[in-house]
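Peer 1: Encoded as structure tokens, here's the structure I'll be asking about.
The values are calculated or read from the model by the stated rules, or taken from the named source; none is laboratory data. Everything numeric in this text was worked out from a predicted model, so none of it was measured. Cβ atoms come from the backbone with ideal geometry, glycine included; neighbour counts cover every protein chain shown.
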Amino acid sequence: MTRGSGRDSLDRRAIAAAKRGEWDGIRYLYVRYADDVLGYVQTVVRDPHDAEDITQNVFAKLPTAIHKYEERKVPFAGWLMRVARNAALDLLRARRQIPVDEVHVSGTHDELLEFEQRQCIVDALARLPEEQRRVLVLRHFVGLSPPEIAEQLGKTESSVHGLHHRGRARVKAELIELEATLARS
């Protein structure tokens, strides 16, 4: 038995276990393929954080999606990479859905903020990766809760929390930088 065929056998058993809903099968497939998926997705989206989020989502959805996989059509690695590619392309398509120019500050905030402050926020948001920007806009401007955002974006709630945390930290840093630039002007 060659080394590859032994691994193929382990893959087939893990796939069968995963289809039966056994977490050991999912865990094996994650350990075996997560790095490959992450590397591939990163070449598509060109952002390590987005690539991590997409990889996490691919494996989070694997317990239900794996039922669509049929060995006779394509090797599992090829099928998994196609799923990851589709998820990455979905992200790239979604980036076009919420242009920064359409971000509006609501009611009382609009009355309190002056033009320069609003422009600084828009500029800071524009510098964020698209998914972080979408989460911040949906959370702070639209008023959705993290579970609602997760459902709308097709992500896990923990992924939304991570995007929110990274996005807020990055906006804060951008606003400090923009404020320093305005002070120097």
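Peer 1: Among the candidates Arg118, Arg134, which residue alone is surrounded by 14 or more Cβ atoms within 10 Å (Cβ to Cβ) and either in the same structural domain as Leu38 (by TED's automatic domain parsing) or modelled with pLDDT of 80 or more (or both)?
Peer 2: When all the criteria are applied, what remains is Arg134.
Peer 1: Further question: Can you tell me which residue within segment 49-86, out of those that are among the basic types (Lys, Arg) and not in a helix (DSSP H, G or I), is surrounded by the most Cβ atoms within 10 Å (Cβ to Cβ)?
Peer 2: If we take residues in segment 49-86 being among the basic types (Lys, Arg) and not in a helix (DSSP H, G or I), then Lys73 is surrounded by the most Cβ atoms within 10 Å (Cβ to Cβ).
Peer 1: Going by the structure shown, is Arg20 over 30 Å from Arg133 (Cα atoms), loosely packed, with under 12 Cβ neighbours inside 10 Å and of a type in the set (Lys, Arg)?
Peer 2: yes
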